[in-house]
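The values are calculated or read from the model by the stated rules, or taken from the named source; none is laboratory data. Bear in mind that the values here come from a model prediction, so they are computed numbers and not experimental data. Counting neighbours? That spans all protein chains shown, and the Cβs are built from the backbone with ideal geometry, glycine included. Just so you know, the surface numbers come from the protein's heavy atoms only, side chains and all, with ligands and any DNA or RNA stripped out. Shrake-Rupley method; radii C 1.70, N 1.55, O 1.52, S 1.80 Å.
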Amino acid sequence: MIVIALTKVPAALRGDLTKWCQQIQTGVYVGNVNARVRERLWERIVKNIGQGEATLVYNTNNELGYMFRTTRKDKEVIDADGIPLVKSLFQTQTTKHGFSNAYKYHQAKKFSHPKIKGLDFVSLDLETSGLNPSSAQIISIGAVKRVAGHTTTFYRLVKLESGKKVPVDIARMTGLNNERLAAEGVLVKEALIDLQAFTKGLPIVGYNLLFDERFLQTAVIRTGIVQFNNKMVDVLPYVKTTDKFCDNYHLTTVLAKYGVKNEQPHNSLADATATMELVDKLIKIYGFRI
């Protein structure tokens with residue numbers, strides 16, 4: 001059994017959900033589907049949610065008997081040894097209302113190329129062995145740091161935890177298999193500590209960064225290290241707001257639309273590098289702020 005709660009989502013998504021679920025109250029849907037259908041439904045929701053929010057609750061074999069997911073920016077679902085917990089997040093960004101596109105255009109002129117080069121932040125991307133942090137794990141971390149116009153890179157492959165394997169489709173997509181991770185990877189705790197030293201409290205920017213944050217939070221809890229205290233900035237919601245006519249919001253599609261080349265998609269360092277270039281484009285065109 002699944003329960004889905006939606007807020008401020010497009011009407012088309014609500015109508016789509018009624019094919020599999022019954023709406024028992026405005027924005028609340030109940031259904032009885034298998035795990036495969038549930039995952040597909042969640043993918044459809046995340047893809048078509050627009051500026052709305054969604055929460056999914058479903059039966060699973062843990063101590064509570066259920067698990068949940070959410071797209072809410074002020075909440076984080078954390079898996080603590082099989083027990084789902086909700087963490088409240090401090091919102092560092094607020095939505096500004098009342099600015100026209102013309103105003104944004106004039107504001108963008110303030111961000112000349114030299115200023116972009118001087119903007120200090122880290123672009124981050126993770127590759128994982130699946131979509132669920134409670135059952136999958138980080139298999140590679142790529143990051144690009146720019147400080148005072150100078151860029152440095154970070155790349156780590158991560159050893160598989162005991163009993164974990166890279167699915168065939170993930171291995172084909174990323175080029176990372178069990179053998180390579182065993183030979184070239186480091187322990188996830190070591191990779192995270194190195195990443196924290198690399199970021200040094202700088203803002204971390206990513207595309208669909210919420211997905212990466214969930215894996216980072218889960219790994220931090222499991223390894224018992226200090227939490228990341230960096231400001232996290234997700235580019236995906238901003239792109240959805242500024243470009244409502246994009247065919248879809250996959251990273252490859254958005255990069256192509258903004259003229260950013262990525263020669264090696266699904267390589268964490270290549271994706272992080274392309275994301276940094278995308279951020280630069282958004283700063284110059286729209287005045288995007290980190």
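Of 200/281; 244/284; 47/244; 164/231; 240/284; 261/284, which sit over 21 Å apart, Cα to Cα?
200/281; 164/231
Of all the stretches in the chain, which is the longest one without any exposed loop site, taking chymotrypsin sites (Phe, Trp or Tyr not before Pro) in a DSSP loop (any state but H, G, I, E, B) with at most 12 other Cβ atoms within 10 Å?
After excluding every exposed loop site, the longest remaining stretch is 100-244.
At a Cα cut-off below 15 Å, give the aspartates and glutamates reachable from residue 75, other chains included and same-chain residues fewer than 8 away excluded.
53, 212, 213, 234
Which whole-number value in Å² is the accessible area per residue of segment 127-216, probe 1.4 Å?
45
Using the charge dipole of the chain (Lys, Arg: +1 at Cβ; Asp, Glu: -1 at Cβ; taken about the Cα centre), state which of 61, 77, 119 has its Cα farthest towards the positive end.
119
If you filter segment 208-290 for GluC sites (Glu not before Pro), then keep DSSP loop positions with at most 14 other Cβ within 10 Å, what is left?
Counting only loop positions with at most 14 other Cβ atoms within 10 Å, the GluC sites (Glu not before Pro) in segment 208-290 are 263.
Once every DSSP H run of n ≥ 4 in the chain is given -39500 (n - 2.57) and the sum is divided by its residues, what mean residue ellipticity at 222 nm do you get, rounded to the nearest 500 deg cm²/dmol?
-11000 deg cm²/dmol
Across 5 Å bins from 0, what is the distribution of all Cα-Cα pair distances for the chain, in whole percents?
Answer for the chain: a P(r) of 1, 5, 11, 15, 17, 17, 15, 10, 6, 3, 1, 0 percent.
In the chain, if the dipole is taken from +1 on Lys/Arg beta carbons and -1 on Asp/Glu beta carbons about the Cα centre, which of 33, 268, 4 is farthest to the positive end?
Most positive-ward Cα: 4.
At a 1.4 Å probe radius, carbon and sulfur cover how many percent of the accessible area of the chain?
The value for the chain is 54 percent carbon and sulfur by accessible area.
Give the whole-number value, in cubic angstrom per residue, of the convex hull volume spanned by the C-alpha atoms of segment 245-290.
Spelled out: Cα convex hull of segment 245-290, divided by residues, is 79 Å³.
Expressed as a whole percent, how much of the Cα-Cα distance distribution for segment 116-214 exceeds 16 Å?
Taking all Cα-Cα pairs of segment 116-214, the fraction more than 16 Å apart is 58 percent.
Mind giving me the nanometre distance, one decimal, between the label points for residue 231 and residue 66, set 7 Å out from Cα along Cα→Cβ?
If labels sit at residue 231 and residue 66, their model points lie 3.7 nm apart.
Using only the alpha-carbon atoms of segment 202-290, report the extent along each of the three principal axes, biggest first, to the nearest angstrom.
That works out to 42, 27, 21 Å along the principal axes.
Could you calculate the FRET efficiency of residue 197 with residue 252 from 1/(1 + (r/R0)^6), where r is the beta carbon distance between them and R0 is 30 Å, rounded to 0.05?
Efficiency computed from Cβ-Cβ geometry: 0.45.
Taking 0.36 nm per residue of separation and subtracting the Cα-Cα distance, what length does fully extending residue 153 through residue 36 add?
Here the answer is 38.4 nm.
In segment 126-235, if the dipole is taken from +1 on Lys/Arg beta carbons and -1 on Asp/Glu beta carbons about the Cα centre, which of 168, 147, 157 is farthest to the positive end?
Towards the positive end, the residue furthest out is 147.
Quote the convex hull volume per residue of segment 139-290, based on C-alpha atoms, as a whole number of Å³.
So the per-residue hull volume is 123 Å³.
Is there a quick way to get the dipole size of the chain? I mean about its Cα centre, with the Cβ of Lys and Arg at +1 and of Asp and Glu at -1; what is the value in debye to the nearest 20?
So the magnitude is around 980 debye.
Taking the Cβ-Cβ separation of residue 168 and residue 285 as r and a Förster radius of 41 Å, what is the calculated FRET efficiency to the nearest 0.05?
Efficiency at R0 = 41 Å is approximately 0.55.
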